[in-house]
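Remarks on the structure that follows.
The values are calculated or read from the model by the stated rules, or taken from the named source; none is laboratory data. Because the structure is predicted, anything quoted here is derived from the model rather than measured. Using ideal geometry, Cβ is built from the backbone for each residue, glycine included, and neighbour counts are taken over all protein chains shown.
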Amino acid sequence: MRTIKLECLTLNNFKGIRYLTLDFTNAETWIYGENGTGKTTVCDAFSWLLFGKDSKGRSDSNFNIKTLDENGKPILKIEHYVSGLLSVDGKSVKLQRRYVEKWVKPRGTTEETLKNHQTEFYVNDVKLATKQEYDSTVASILPEDVSRMITNPFYFTSLNPEIQKSMLLDMAGDVTDEDVAGLKPEYVELLAQLSGKSLAQYSKEIASRKKAIKDELLVIPSNIETANRLKPEEEDWVALDDELAEKKERKAELEATLSDKSKLVEKEYERKNNIQKAIGEKRLSLTNRENKLRAEADKGRNEVSLKIRDLEYNLKLQEGNLERKRNEISSYDEKIQRMNTELDTLRGQYRKISQEQLTYPDGAFVCPTCHRQLEADDIAAKQHEMEANFNQNKSARLQANSAKGKGIKATLKETQTKRENALANVAELEAYIEQIKSEINKQKENMPESVDVRKLIESDADCIAIRNEIAELENQLSMEAKPVDTTDLKDGIKVLDSAISELVKRLAKREAIERAEKEIATLEERRIANNQALADLEKTEFVMIDFQKAKDNELMKRINGMFQIVSFSFVNEQLNGGEKLTCVCTIDGVPYPDLNDAKKLNAGLDIINAMCKVKGISAPIFIDNRERVNEIIPTISQIINLVVSHDKELTIKQ
């Protein structure tokens with residue numbers, strides 16, 4: 001276990017104490033003084049040295065460190081610091097925290113002004129660069145959260161019960177469900193039901209299922225009442241069945257009689273239908289015979305007409321070909337005329353080029369630099385050069401003219417040949433067209449005389465016979481059979497149908513009653529099943545509560561085994577017989593709030609002893625108002641008692 005003891009504490013201009021040095025023993029130190037002499041300030045100084053806070057947990061920005069004058073104003077330009085010498089497992093560690101004024105001289109002024117304050121940190125007389133380094137050093141000795149628990153006897157009991165319980169569970173170690181399950185068979189069954197869920201999760205699940213069951217149980221009575229209200233009244237079902245059977249039997253008799261009379265009507269309908277079918281077939285035969293006569297009468301004229309149509313079609317086709325050939329010849333004529341014009345132009349250009357003579361421009365034989373006439377030899381050479389260039393250019397132009405003319409002549413000859421061929425085609429087409437026209441006239445002259453088809457049809461023996469047969473059939477169709485009266489039978493059947501329908505409706509109520517009674521029985525079964533399910537769930541809830549209590553009892557054994565005088569309970573019995581989960585500290589069964597000051601202090605010291613053992617660390621405990629308590633329990637920590645006395649100044653006694 002790490003043991004931390006305070007050997008010496010020095011306060012310089014800290015909260016009204018100008019300078020004070022206190023030496024402490026390893027066991028128990030007593031600090032006496034009147035109220036206001038600085039006993040609590042000593043405790044604040046130690047807390048501020050370590051964590052920059054007073055004993056109430058306030059940071060130095062929320063309480064006044066600096067010493068004040070008689071007017072209540074801070075005394076400036078004096079040192080403010082707390083220095084402490086600690087023994088950590090027998091090794092000395094010196095800590096110092098200084099509250100330093102930062103003075104600056106603004107530009108243009110001669111006097112310094114207080115800008116702000118800053119804190120300086122020292123470990124073993126070595127100044128540290130940052131607060132983080134100092135905090136890290138202190139935390140390695142005594143973490144702040146641990147310090148609150150093991151230096152203040154009243155800290156733990158001031159916490160929320162849930163936090164107390166959580167800290168106690170951490171100290172005692174968890175009790176698993178399996179550790180408790182062996183106590184009762186129903187606990188084993190409960191764990192099997194959890195299926196990996198926690199008790200809290202399973203409790204929520206059961207609560208949800210209970211709510212669903214209760215919600216359903218609430219509506220079942222109203223559903224049963226509704227089913228009873230909507231259930232039809234009972235009737236004499238046997239009498240209704242007999243009456244329905246009698247009505248159906250009577251209807252069957254009437255339908256049989258109606259069927260016999262209806263057969264006569266059907267037979268007459270079938271006779272007329274057959275006659276109409278025969279008339280249709282005869283009329284089709286007559287139409288086919290008339291069409292055949294028309295075809296035979298017009299056969300010769302049709303054949304000639306067909307030949308004439310073929311000849312006229314061919315005539316139009318050849319006339320189209322003739323028109324295209326004539327257009328082709330016109331196109332050739334235009335091309336020939338255009339090429340002759342081009343040849344005439346080329347011939348004129350050739351003659352003009354052939355007649356061209358070389359002329360020398362003015363200044364041709366003058367030096368372009370000095371503007372003097374060239375020498376005779378130079379003139380002759382230049383003339384020779386100009387003549388050669390002129391002749392070469394002239395020759396090239398004549399050759400190009402000649403080549404172009406030859407090309408046009410070749411194209412002209414080819415076009416003239418095509419024109420002659422087209423003229424020959426035109427002559428052939430004109431002769432062929434005349435031949436076709438002659439053949440058309442010949443066919444028209446040989447067209448047979450038309451025959452009077454109407455008279456031919458009227459006199460045809462087959463047509464006359466078919467028309468007579470149609471007339472006979474139409475005469476048979478016009479003959480009407482004696483009508484059959486079925487009105488009374490149909491009216492009787494209609495009355496019976498209405499009566500049968502009403503009986504069926506009344507008998508349908510029997511099924512509605514059966515459905516309603518079945519629904520009511522189902523609802524009753526659901527009510528019984530839900531009540532049983534609700535009882536089972538409530539039983540499971542009881543087992544869960546009992547299981548949790550058993551688990552808490554096991555925890556209580558472990559937790560309370562860590563203390564000498566205090567005990568803890570996680571259950572608080574209510575006036576209504578129920579229980580409320582909480583965390584209550586007691587001594588001899590008396591709850592902590594009801595204890596006297598001495599027992600409250602000793603309870604806190606007992607808790608600190610257990611905390612120190614679990615955390616593996618002890619630190620000085622400051623006990624304020626120690627004069628109220630005669631005796632405290634033994635502790636493993638250093639004790640610093642703050643006692644109210646009549647001493648005008650702080651007095652230390654070992």
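Summary of computed values
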{"read-out": "Test result for residue 136, in the same structural domain as residue 6 (by TED's automatic domain parsing) and at pLDDT 90 or above", "value": "yes"}
{"read-out": "Test: residue in the stretch 354-376 that is assigned to a helix (DSSP H, G or I) and surrounded by 12 or more Cβ atoms within 10 Å (Cβ to Cβ)", "value": "no"}
{"read-out": "Residue in the stretch 476-489 that is at negative phi, at pLDDT 85 or above and surrounded by 13 or more Cβ atoms within 10 Å (Cβ to Cβ) present", "value": "no"}
{"read-out": "Subset of the stretch 191-218 [outside any loop (DSSP other than H, G, I, E, B) and among the polar types (S, T, N, Q)]", "value": "193, 201, 203, 208"}
{"read-out": "Check on residue 440, in contact with a Cys (Cβ under 6 Å, 6 or more places away or on another chain) and either in contact (Cβ under 8 Å) with a residue 40 or more places away in the chain or more than 30 Å from residue 328 (Cα to Cα) (or both)", "value": "no"}
{"read-out": "Strands (runs of 3 or more DSSP E) wholly inside the stretch 54-157 that include at least 3 residues being among the aliphatic types (A, V, I, L, M) and in contact (Cβ under 8 Å) with a residue 60 or more places away in the chain", "value": "80-88"}
{"read-out": "Residues of the stretch 209-227 that turn out to be of a type in the set (Asp, Glu) and under 14 Å from residue 524 (Cα atoms), as a count", "value": "2"}
{"read-out": "Qualifying residue in the stretch 607-614 (condition: part of a helix (DSSP H, G or I), over 56 Å from the mean Cα position of the chain (by Cα), not assigned by TED's automatic domain parsing to the domain that holds residue 40 and not charged (D, E, K, R))", "value": "yes"}
{"read-out": "Spans of strands (runs of 3 or more DSSP E) in the stretch 1-42 with at least 3 residues touching a Lys or Arg at 6+ places or on another chain (Cβ under 9 Å) and more than 18 Å from residue 640 (Cα to Cα)", "value": "2-14"}
{"read-out": "Test for residue 534: is it more than 30 Å from residue 250 (Cα to Cα), modelled with pLDDT of 80 or more, surrounded by 12 or more Cβ atoms within 10 Å (Cβ to Cβ) and not aromatic (Phe, Trp, Tyr)", "value": "yes"}
{"read-out": "Cross-chain or 6+ apart pairs with Cβ under 6 Å, the stretch 618-629 first and farther than 12 Å from residue 605 by Cβ and touching a residue at least 60 places away in the same chain (Cβ under 8 Å), then assigned to a loop (DSSP other than H, G, I, E, B) and among the charged types (D, E, K, R)", "value": "none"}
{"read-out": "Residue satisfying condition, being within 30 Å of residue 283 (Cβ to Cβ), modelled with pLDDT of 85 or more and surrounded by 15 or more Cβ atoms within 10 Å (Cβ to Cβ), within set 466, 457", "value": "466"}
{"read-out": "Condition met for residue 195 (free of Cβ contacts under 8 Å to residues at least 12 places away in the same chain and within 30 Å of residue 597 (Cβ to Cβ))", "value": "no"}
{"read-out": "Filter result (modelled with pLDDT under 80 and not polar (S, T, N, Q)) within the stretch 160-176", "value": "174, 175"}
{"read-out": "Residue match in the stretch 72-86 (condition: farther than 25 Å from residue 116 by Cβ, at pLDDT below 90 and either under 60 Å from the mean Cα position of the chain (by Cα) or assigned by TED's automatic domain parsing to the domain that holds residue 624 (or both))", "value": "no"}
{"read-out": "Test set (1) modelled with pLDDT of 90 or more; (2) surrounded by fewer than 16 Cβ atoms within 10 Å (Cβ to Cβ); (3) β-branched (Val, Ile, Thr) - residue 635 fails condition number", "value": "(2)"}
{"read-out": "Residue among 334, 319 that alone is of a type outside the set (Lys, Arg) and either touching an Asp or Glu at 6+ places or on another chain (Cβ under 8 Å) or surrounded by 12 or more Cβ atoms within 10 Å (Cβ to Cβ) (or both)", "value": "319"}
{"read-out": "Some residue of the stretch 384-396 being surrounded by 12 or more Cβ atoms within 10 Å (Cβ to Cβ) and acidic (Asp, Glu)", "value": "yes"}
{"read-out": "Residue check for residue 418: free of Cβ contacts under 8 Å to residues at least 40 places away in the same chain, under 24 Å from residue 332 (Cα atoms), of a type in the set (Lys, Arg) and assigned by TED's automatic domain parsing to the domain that holds residue 332", "value": "no"}
{"read-out": "Candidates 403, 422 - the one that is within 23 Å of residue 325 (Cα to Cα) and of a type in the set (Gly, Ala, Ser)", "value": "422"}
{"read-out": "Residue selected from the stretch 158-190 under the condition in a helix (DSSP H, G or I) and charged (D, E, K, R), by the criterion farthest from residue 567 (Cα to Cα)", "value": "189"}
{"read-out": "Failed condition for residue 341, given (1) touching a residue at least 24 places away in the same chain (Cβ under 8 Å); (2) in the same structural domain as residue 436 (by TED's automatic domain parsing); (3) among the β-branched types (Val, Ile, Thr)", "value": "(1)"}
